[in-house]
Amino acid sequence: MEANHNRSLSSRVGLILDNTNVQSITLIRTAMQEISVSENMGLSVPAIMKTGMNAEQAQGALNGIALEVRSLFNPTNDYQNTSVLAFTCMFSFMMLNINSLPLIARLRVSKRLAAELQNPFNILLRILPYTLFSTAGLIFSLGVLKMFGGSRFEANPVLFIIPVVLYVFGTVCLNILVAWGAAHPGVAIGRMVIVLMPAFVLSGAVLSRSLFPPLAIQIGDFFPFAWLYKFVRSMGLRGAPLQEMLPELGSLLLYVGVLSMLVIARALWEKQKLAKNATGDAPGMGATHSVGPTSTPGGISVQGGPPAPIHEPIKG
């Protein structure tokens, strides 16, 4: 091939590629085309210059209209910022679901649900520890990826805590609503598939949301995990300022507020239900008194009557 190239003879090169990874082979095919054009220009321009054209005219004759491409860094095509980041967020989301889905079931099994429902806001207060530890764990994981893994993260960590807190709080609220009627923590954890798989698939972690139909995008917005990925891509990877994300942040805040009100409404309904059950059981829960046998003055035992007094014989 080199000998033919030096003698200006054509050579045909076969390029065998595996189409299972379309993104990678597209970059390889483009690079091979650019290399072949550059090598051909190195021989064609001197040959045409022998006809009397200068270098600029010869290059214009061979490549009159040229498309100049600047390949800038695209974080969405980087393995560290796609697969690794998706696994980190997904693992944190999974651990949050495992621990928060059986929240109400644990209270029901331990006979503490009625006491907690005396103030419905107690359920929301129980979400705060989940929010604190899950937010700290996710921010710490992203920091480790940036410091030691070379991952891209351009957002202010302090400001990025705001959407993460809203995501965790909204996720726990959604989990409470989904698993409220579970009679046992094992049953509640079994409902994780209702939240985990749709949230992960429709969040854009696997495929771009632009490829989904509008209905799938609207369904995905019901899961706070999809909102988290919006902020990860916009603030974390693209470096968008918080002011630019205020509309998205306001929408997420409104959605989390609606979920919180639904949790309070569900708690009030459960409290009323328990009160009705307690009222219905009250007539049948009276104390039963055992009545023992009593004796008559003649020494006869009578069942159910009050004890008869026994008089001493009168001494004459």
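The values are calculated or read from the model by the stated rules, or taken from the named source; none is laboratory data. Since this is a predicted model, take the numbers as computed values, not measurements. As a convention, Cβ positions derive from the backbone with ideal geometry for all residues, glycine included, and neighbour counts pool all protein chains shown. These accessible areas exclude ligands, DNA and RNA; they are computed on the full protein's heavy atoms, side chains included. Shrake-Rupley method; radii C 1.70, N 1.55, O 1.52, S 1.80 Å.
Please go through (1) at pLDDT below 80; (2) aliphatic (A, V, I, L, M); (3) open to solvent by less than 40 Å² (accessible area, probe 1.4 Å) for A278 and return the number of the only condition it doesn't satisfy.
The one condition A278 does not meet is (3).
Considering only residues that are of a type outside the set (A, V, I, L, M) and under 12 Å from A267 (Cβ atoms), look in the stretch 96-125 and name the one that is least open to solvent (accessible area, probe 1.4 Å).
Here the residue is P120.
Only one of L174, L145, L128 is free of Cβ contacts under 8 Å to residues at least 40 places away in the same chain and either open to solvent by less than 30 Å² (accessible area, probe 1.4 Å) or of a type outside the set (K, R) (or both); which?
The conditions single out L128.
Considering only the stretch 223-239, I want to know if a residue exists there that is of a type outside the set (F, W, Y), assigned to a helix (DSSP H, G or I), closer than 12 Å to P163 by Cα and open to solvent by 20 Å² or more (accessible area, probe 1.4 Å).
Taking every residue of the stretch 223-239 in turn, at least one turns out to be of a type outside the set (F, W, Y), assigned to a helix (DSSP H, G or I), closer than 12 Å to P163 by Cα and open to solvent by 20 Å² or more (accessible area, probe 1.4 Å).
When the residues of the stretch 96-115 are narrowed to those that are free of Cβ contacts under 8 Å to residues at least 40 places away in the same chain and in a helix (DSSP H, G or I), which ends up nearest to L202 (Cα to Cα)?
My answer is N99.
All but one of (1) modelled with pLDDT of 90 or more; (2) within 30 Å of R238 (Cβ to Cβ) hold for F153, so report the exception by its number.
Single failed check for F153: (1).
Please verify whether G14 is open to solvent by less than 100 Å² (accessible area, probe 1.4 Å), modelled with pLDDT of 75 or more and not in a helix (DSSP H, G or I), treating the condition exactly as stated.
yes
For the stretch 240-275, give me each residue that is open to solvent by 30 Å² or more (accessible area, probe 1.4 Å) and among the acidic types (D, E).
E244, E248
Out of the stretch 192-216, which residues are open to solvent by 70 Å² or more (accessible area, probe 1.4 Å) and either of a type in the set (F, W, Y) or not in a helix (DSSP H, G or I) (or both)?
V206, L207, P213, listed by residue number.
List the number of the failed condition for F73; all other conditions in (1) open to solvent by 80 Å² or more (accessible area, probe 1.4 Å); (2) at pLDDT 75 or above hold.
Every condition holds for F73 apart from (2).
Across the stretch 241-270, which residue is farthest from the chain's Cα centre (by Cα) among those that are outside any helix (DSSP H, G or I) and in contact (Cβ under 8 Å) with a residue 40 or more places away in the chain? Can you show your working first?
Residues of the stretch 241-270 outside any helix (DSSP H, G or I): 241-245.
Imposing the further condition that a residue be in contact (Cβ under 8 Å) with a residue 40 or more places away in the chain reduces the set to 242, 245.
Values: L242: 21, M245: 19 Å.
Restricting to residues being outside any helix (DSSP H, G or I) and in contact (Cβ under 8 Å) with a residue 40 or more places away in the chain, the top hit is L242.
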